[in-house]
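Below is one structure, written out as structure tokens; comments come after it.
Just so it is clear, none of the values below were taken in a lab; they were calculated from the coordinates. Since the model is a prediction, treat every value here as computed from it, not as a measurement. Cβ sites come from the backbone with ideal geometry, for glycine too, and all protein chains shown count toward neighbours.
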Amino acid sequence: MPKIVDAEARRQEVVQAVFRIIASDGLERASLREVAGEAGLAVGSVRHYFASSDELLVFSFGAVIDRIAGRLETALSEVELEVAGSPGHQAAVLNLLGQFLPLDEELAVDACVWMAFRHAARIKPVLAPEAERSHRTVAAVVGRLILLLNPGQADARQVLVTEAERLLATLDGLCMHALLQPEWMTAEVCSDVLASHLKSLSGPAAS
């Protein structure tokens, strides 16, 4: 009796192969043939699920966005459960922000893949819709966090937007620096920078 293949499980195997290739050799190497070899599959098997390299890349970009977004939503829920200004609240905020950074092996792969796709979207229009979704998803989480940290300024929209953009810029810079110079920007240093940035924000969690 022929073995029944779980289509979704096979797609995820292929996506994991894409992630490994991007993390080790860059997005440019993530062709159908290279991905098939990394996944231990025939090219025809990969084509059964993804008709082209572009389709595979778009699907993979969406997958890493969903993974990051899921972690962010879980971490944000933990922030909302803590009492503002308490040690537990600050720890939960730092945990949330740490989901953006390569603080362990899993986060490092996702951060590397996410950054690679975001940069590629600048010159690959097929990736642009997912890049826009990525930005909106992350900006929404950061915006909600800024509101939690500044409950008394809910009506000061420009202040909140400025703080959200400042935090996003800090996270992007830390992530890029940690990926490019991991021997200097270690997980410990990243966490220290985040803690310092939190202290610069107004609101109960920064005190």
Practice task
Please give the helix 53-81 orientation as an angle from the longest Cα principal axis of the chain, in degrees from 0 to 90, rounded to the nearest 10.
Solution key: 30 degrees
Exercise for the section: Could you please rank Ser52, Ser45, placing first whichever residue has the fewest other Cβ atoms within 10 Å of its Cβ? Expected result: Ser52, Ser45
Problem - Given the chain, longest segment not containing exposed loop trypsin sites (Lys or Arg not before Pro) (DSSP; at most 13 other Cβ within 10 Å) - result: 4-121
Exercise for the section: Determine the dipole magnitude for the chain: charges of +1 sit on the beta-carbon of Lys and Arg, -1 on that of Asp and Glu, nothing else is charged, the reference point is the Cα centre, and the result goes in debye to the nearest 20. Expected result: 500 debye
Fill in the blank from the handout: Tilt, helix 187-200 to longest principal axis of the chain (alpha-carbon atoms), in degrees rounded to tens, equals 40 degrees
Completion exercise
For the chain, whose charge dipole is built from +1 on Lys and Arg Cβ atoms and -1 on Asp and Glu Cβ atoms, the candidate among Ser134, Val161, Leu56 with its Cα farthest towards the positive end is Leu56
Handout entry: Label assignment, Cα extents along the principal axes in Å derived from the structure, set [x] 62, 35, 35; [y] 57, 50, 40; [z] 51, 48, 26
Key = [x]
Handout entry: Listed residues Leu145, Leu41, Leu27, most fluctuating in the chain (Gaussian network, C-alpha, under 10 Å)
Key = Leu41
Practice task
Subtract the Cα-Cα distance of Lys124 and Thr74 from 0.36 nm times their separation in residues, and report this length gain in nm to one decimal.
Solution key: 14.9 nm
Handout entry: Charge dipole of the stretch 1-51 about the Cα centre (unit charges at C-beta), most positive-ward option of Ala30, Ala42, Ala17
Key = Ala42
Problem - Neighbour-count order for Trp114, Trp184, fewest beta carbons within 10 angstrom listed first - result: Trp184, Trp114
Problem - Nearest 10 degrees, 0 to 90: helix 87-98 Cα axis against the chain principal axis - result: 40 degrees
Practice task
Would you compute, from DSSP H runs of 4+ residues alone, the mean residue ellipticity of the chain at 222 nm, taking -39500 (n - 2.57) per run and dividing by the full residue count, rounded to the nearest 500?
Solution key: -24500 deg cm²/dmol
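Over the chain, calculate the relative contact order: mean separation of alpha carbon pairs under 8 Å at least 6 apart, over the residue count, as a percent.
Answer for the chain is 21 percent.
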